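Novice: Sharing a structure with you now.
Nothing in this text is a laboratory measurement; each read-out follows from the coordinates by a stated rule. This is a predicted model, so every value here is computed, not measured. Cβ: placed from backbone, ideal geometry, glycine included. Neighbour counts: every protein chain shown.
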Amino acid sequence: MAMSTALWSFALVVGLLTLTPGLDTALILRTSALGRRRRAWGVVLGIQTGTLLWGAFTSLGVTALLTASHLAYTALRWVGAAYLVWMGVRMLRDTLQKRPASDTNDSGLLAGTDSTSGGWRQGTLTNLLNPKMGAFYVAVLPQFIPVGANHFTMGLLLTTVHILIGLIWSAVLIGFAQVLHGWLRRPQARRLLDRITGTVIAAFGIRLALGD
């Protein structure tokens, strides 16, 4: 497989993956729609930092060792699931108390101030605690590395393609969410958004815990 073919083929695969609604989409839309543009971009940068680390670890063979170890993979899966369920339940609890997380103080990870650093920590942690990202890279990345190419260099190049696609799609999501900002200034709308996002996040956590 030629390098150009590998890059375009990988871009198609991860492009379709990126466009599929999931946890990252929910976090970016929710944060941006509440008017926290800097924090939303922090979440985006954090997610892509996690992607870069997964790609680098895979290229070095570290992630292959992790997924080969049933105990290590299971431990990371349960930690990630607990983190996601905690985030989702916290948001749902706040809406049931008619106190949307966006209206509270800075005690919550999802609430926080409109700071890039806070969003970056959230995005990075969410991505790195998802072992399915590592499993995806172990299963897919090697298939697009041409014979004779340097595994680490080519692996990072392919990961960069994934990151660029993620950044472009995230910019679209943030722009769309800004359109909804006026509507989301109403408390009822914020509670609705938090209930949807909290349910999605908790569901991802439960699905991860069940190993589906």
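Novice: If you average the sequence gap of Cα pairs under 8 Å that are 6 or more apart and divide by the length of the chain, what percent do you get for the contact order? Before the final figure, lay out the partial values.
Specialist: Values: 293 pairs, mean separation 89.6, N = 212.
The value is 42 percent.
Novice: Take the alpha carbon atoms of segment 117-175, find their center, do the same for segment 19-46, and report the distance between the two centers in whole angstrom.
Specialist: Going from one Cα centre to the other spans 16 Å.
Novice: By how many degrees, 0 to 90 and rounded to 10, does the Cα axis of helix 70-96 deviate from the longest principal axis of the chain?
Specialist: Compared with the principal axis, the helix lies near 20 degrees.
Novice: What residue among Thr20, Thr159, Thr51 shows peak mean-square fluctuation when the chain is described by a Gaussian network model with Cα springs under 10 Å?
Specialist: Most flexible of the set in this elastic network: Thr20.
Novice: Tell me, what ³J(HN,Hα) does each residue in segment 140-151 have, in order and in whole Hz, if you take phi through Karplus 6.51 cos²θ - 1.76 cosθ + 1.60 with θ = phi - 60° and put x for Gly and Pro?
Specialist: Going residue by residue, I get 9, 3, x, 5, 10, 9, x, 4, x, 7, 5, 4 Hz, with x marking Gly and Pro.
Novice: Can you give the local net charge around Leu128? Use residues other than it whose beta-carbon is closer than 14 angstrom to its beta-carbon, Lys and Arg +1, Asp and Glu -1. Intermediate results must be reported in sequence, preceding the final value.
Specialist: Values: positive: Arg77, Arg121, Lys132; negative: Asp24.
Combined, the nearby Lys, Arg, Asp and Glu give +2.
Novice: In a shell of Cβ-Cβ distance under 11 Å around Gly22, excluding Gly22 itself, what net charge do Lys and Arg (+1) and Asp and Glu (-1) give?
Specialist: On the way: positive: Lys132, Arg207; negative: Asp24.
Result for the local shell: +1.
Novice: Same structure, new question: Divide by every residue of the chain the summed helix terms, -39500 (n - 2.57) for each DSSP H run of at least 4, and state the resulting mean residue ellipticity at 222 nm, rounded to the nearest 500 deg cm²/dmol. Could you put the intermediate results ahead of the total?
Specialist: Details: 9 runs with 162 residues, N = 212.
Computed mean residue ellipticity for the chain: -26000 deg cm²/dmol.
Novice: Moving on. Rounded to the nearest 10 degrees, what's the angle between the helix 116-128 long axis and the longest principal axis of the chain, both from Cα atoms, 0 to 90?
Specialist: 50
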